[in-house]
Amino acid sequence: MATLGVMMMMLKDQVAEQGMYPVLERIAAMDLAAVEVSQIPMTEENTADLERGVAELGLDVGALSVALKPGRVATGDNLAENYDKVVSDCHRLGTRFARIGMMPFEAMMAKEAAETWASECQTAAERLASDGITLCYHNHHVDLTRFDGELLFDLVRRVAPALNFEVDLHWVQRGGMAPLDMLKRYSGVCRIIHVKDFRVTSVPASALELLTAGDFSGWQNAFNNIVQFAEVGQGNMNWPELLPAAEAAGAEYFFIEQDDTYGRDPYDCIADSREYLATIGY
């Protein structure tokens with residue numbers, strides 16, 4: 001069974017305020033076995049606390065965030081400037097996966113730029129593999145766009161076959177592809193899964209006021225923007241089918257993630273997700 005954990009981007013403010021280890025203690029107390037580190041600097045202090053979490057709490061540091069090079073979408077150390085540090089951190093923590101959280105904006109917008117970026121990913125993935133680390137790419141809905149009829153997902157697979165996927169099932173759903181279809185189509189390379197739900201809220205009353213005032217475009221904008229990131233089990237995703245399918249597709253980690261908690265304490269959101277997952281056998 002895949003190892004269940006949390007994407008620590010959700011708790012980056014808590015880490016900044018309290019330090020890494022107290023946050024890890026709370027994660028372990030919630031019956032979560034692993035963490036993925038993103039948007040949290042891999043300073044010596046944080047790395048030492050992660051190492052302590054592995055030794056004393058039994059946590060698994062499943063993945064660290066990296067970028068190919070410095071840039072607007074870079075979260076974590078970049079491989080162009082910090083390759084040796086990334087490898088050292090992974091080996092120190094027993095981490096087998098590095099993950100790229102987002103492709104450059106330019107690559108989302110043009111086929112040639114996407115192919116150039118994917119080629120750079122292939123080189124990085126091959127180099128990391130020689131050091132025992134698997135490089136994964138985390139998708140968004142934009143990966144379901146097409147260039148000359150080819151899905152961006154397929155373009156990346158074609159140009160960078162050594163690159164594996166960290167599949168965010170919410171973003172697959174938002175991009176218009178059935179998550180079960182995605183897992184079947186890319187079976188064997190779906191190594192990490194982001195588990196977050198897809199919730200549709202009611203249209204706000206303010207939208208009707210806009211319509212009454214004759215502002216149809218304002219009403220339509222409100223109507224078209226009622227999708228939220230949700231706690232697992234509080235949206236429309238079919239997790240009892242999705243999670244076994246993800247394991248069949250090669251998933252080794254399931255990380256709870258919620259990009260926006262809409263004012264709720266993220267610990268409470270994580271706890272709700274964890275509670276639901278326990279009811280379906282995880």
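Since every read-out is calculated from the coordinates, none of them should be taken as a lab result. What you see is a predicted model; the values in this text were computed from it and never measured. Quick reminder, even Gly has a Cβ in these numbers, built from the backbone with ideal geometry, and neighbours come from all protein chains shown.
Can you tell me the relative contact order of the chain? Whole percent, Cα pairs under 8 Å, sequence separation 6 or more.
Reported as a whole number, the value is 18 percent.
Any idea how far apart Val73 and Ile280 come out in nm if each label point goes 7 Å out from Cα toward Cβ?
Going by the 7 Å Cα→Cβ label model, 2.8 nm.
In deg cm²/dmol, rounded to 500, what helix-only [θ] at 222 nm does the chain give when every DSSP H run of at least 4 residues adds -39500 (n - 2.57) and the total is split over its residues?
Taken over the chain, the calculation gives -13500 deg cm²/dmol.
Taking every DSSP beta bridge that has both residues in the chain, what percent is antiparallel when rounded to the nearest 5?
15
Separation of region 161-215 and region 25-58 by C-alpha centroid, Å?
28
Roughly how many debye, to the nearest 20, is the charge dipole of region 1-116 about its Cα centre, given +1 on each Lys and Arg Cβ, -1 on each Asp and Glu Cβ, and no other charges?
About 260 debye.
Can you pull the three principal axis extents for the Cα set of region 38-150, in Å, largest first?
52, 26, 21
With all pairs of different alpha carbon atoms counted, what Kirkwood hydrodynamic radius in Å does the chain show?
Its Kirkwood hydrodynamic radius stands at 19.6 Å.
Which of rounded, prolate or oblate describes region 145-282 when judged by the alpha-carbon gyration tensor and an a/c cut-off of 1.5?
Oblate is the answer for region 145-282, as a/c is 1.5 or above yet b/c matches or exceeds a/b.
So how strong a dipole does the chain carry about its Cα centre when Lys and Arg Cβ are +1 and Asp and Glu Cβ are -1, to the nearest 20 debye?
That gives the chain a dipole magnitude of about 620 debye.
Output the relative contact order of region 150-282, whole-number percent, from Cα pairs under 8 angstrom with separation of 6+ residues.
The value is 28 percent.
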